[in-house]
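Note sheet for the following structure.
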Amino acid sequence: MRKKTFKTVMLIMAILLSGIILASCGGDEKEQRYAYPLATASPEDTVTQIYAEKFAEEVSKLSDGRIKIQVYPNSTLGGDRELLESCKDGDIPFVVQNTAPQVTFMPDLAVFDVPCAFADLESCREAIDNAEFRGLIDSVYEEGGYQLLGIADQGFRVMSTNKAVKSLGDFKGQKIRTMENPYHLAFWKALGANPTPMSFAEVYIGLQQHTIDAQENPYEVIVSNRLYEQQDYIVETNHLPHLITLIMNDDFYKDMPAEDREIMTQAAETATAYARQASDERIADRVKTIEDSGTEVLSVDENMRGEIVDASASVRDSIKAKVSPDIFNAYIR
């Protein structure tokens with residue numbers, strides 16, 4: 001079966017599974033209402049799911065039940081790349097996903113891969129919400145065929161490993177799994193590690209069988225997938241914020257009446273704030289789960305962080321040279 005045909009069949013199945021709701025619209029008139037699919041590649045017990053479900057809930061509430069959205073998590077309708085392509089093609093109107101897989105399709109999004117750009121999440125969120133930056137990044141998504149409705153996060157990405165990392169030299173030679181993102185690979189190479197792209201589905205077994213020594217993800221992912229069970233240490237590298245975007249097909253958005261576009265905007269604003277708060281509240285709980293298991297959490301002091309920043313300066317420079325100067329300067333202040 002061809003990819004396009006497969007995606008179309010999956011969309012039809014999604015709509016059929018969500019059901020067709022017939023409700024009164026006044027008098028004897030009836031209106032057929034569909035539950036539009038919103039897809040993610042993340043497990044259900046994550047901030048990604050919370051973000052998606054809150055958005056769907058708010059859309060239903062603001063439209064008085066007229067617009068329904070059904071959330072399909074855990075790669076039910078495809079992995080990150082397939083979902084991005086399906087959203088652009090108009091097969092799936094809504095997607096919630098991390099920015100890293102999107103860089104291949106929208107190179108300016110590499111700005112989100114600048115390592116060690118922020119000391120804390122509050123500074124990162126302020127940069128993302130800055131009106132100048134948001135206007136520029138909205139245009140990137142629109143040119144790519146999407147409408148960016150919101151950006152939440154799952155905190156910072158951290159490293160899990162079986163080797164205590166207390167100095168820059170302790171990264172040397174560690175075989176660490178990363179996403180297929182050239183800047184992520186370059187960052188870990190710059191620290192002396194041996195980065196290895198791998199399907200996320202293979203990470204737990206890879207750690208168990210010692211095919212890889214380490215991996216990097218936000219606490220949320222480490223706990224929801226029980227990766228800490230195969231690791232002795234969590235190292236709070238906090239090298240990148242794990243940003244989550246809520247996007248929709250641009251044509252679908254523009255074809256909506258102005259009233260419905262406003263509903264999407266308002267629902268996304270509420271869901272974004274809700275997801276950020278949920279992320280903050282869940283991190284402490286995730287850390288406790290890890291520590292209770294016997295896995296040790298190691299912080300990174302200012303001296304070592306400075307060494308990491310210096311070692312990865314070439315990655316920052318590479319990104320700066322390839323993305324729009326206006327976007328880079330609006331994000332990195």
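Can you send over the carbon and sulfur percentage of the accessible area for the stretch 183-267, probe radius 1.4 Å, protein chains only? Within the stretch 183-267, the accessible surface is 45 percent carbon and sulfur. Largest accessible area first, the listed residues Lys254, Lys189 line up as Lys189, Lys254 when surface is computed with a 1.4 Å probe on the assembled protein chains.
What the Cα convex hull of the stretch 166-207 gives, in volume per residue, is 63 Å³.
Assuming 1.306 mPa s and 10 °C, estimate D for the stretch 196-333 with Stokes-Einstein, Rh taken as the Kirkwood radius over Cα pairs, in µm²/s. It comes out at roughly 85 µm²/s. Each 5 Å bin, from zero up to the one with the longest distance, holds this percent of the alpha carbon pairs of the stretch 108-253: 2, 9, 17, 20, 18, 14, 10, 7, 3, 1, 0. Here the extension length gained between Ala313 and Glu143 equals 58.2 nm, from 0.36 nm per residue of separation less the Cα-Cα distance.
Restricting the calculation to alpha carbons of the stretch 74-168 gives Rg and Dmax of 15.6, 48 angstrom. Charge tally for Ser42 (other residues, Cβ to Cβ under 10 Å; Lys, Arg +1; Asp, Glu -1): -4. Accessible surface computed residue by residue for the stretch 189-333, with neighbouring protein chains in place and a 1.4 Å probe, gives 47 Å² per residue.
Derived from the Cα gyration tensor, the three semi-axes of the equivalent ellipsoid of the chain are 36, 22, 18 Å, largest first.
Quick check: with the 1.4 Å probe, what order do Lys54, Lys322 take by accessible area, largest first? Mind showing how you got there, number by number?
Details: Lys54 30, Lys322 130 Å².
Largest to smallest exposure gives the sequence Lys322, Lys54.
Residues Met159, Met256, ordered by accessible area of protein heavy atoms at a 1.4 angstrom probe radius and largest first, appear as Met256, Met159. Extension gain, Ser167 to Val297: 0.36 nm times the residue separation minus the Cα-Cα distance gives 45.3 nm.
The values are calculated or read from the model by the stated rules, or taken from the named source; none is laboratory data. Please read all numbers here as calculations on a predicted model, not as lab measurements. With ideal geometry, Cβ positions are generated from the backbone for all residues, glycine too; neighbour counts draw on all protein chains shown. SASA here: full protein model, heavy atoms, side chains in, ligands and nucleic acids out. Shrake-Rupley method; radii C 1.70, N 1.55, O 1.52, S 1.80 Å.
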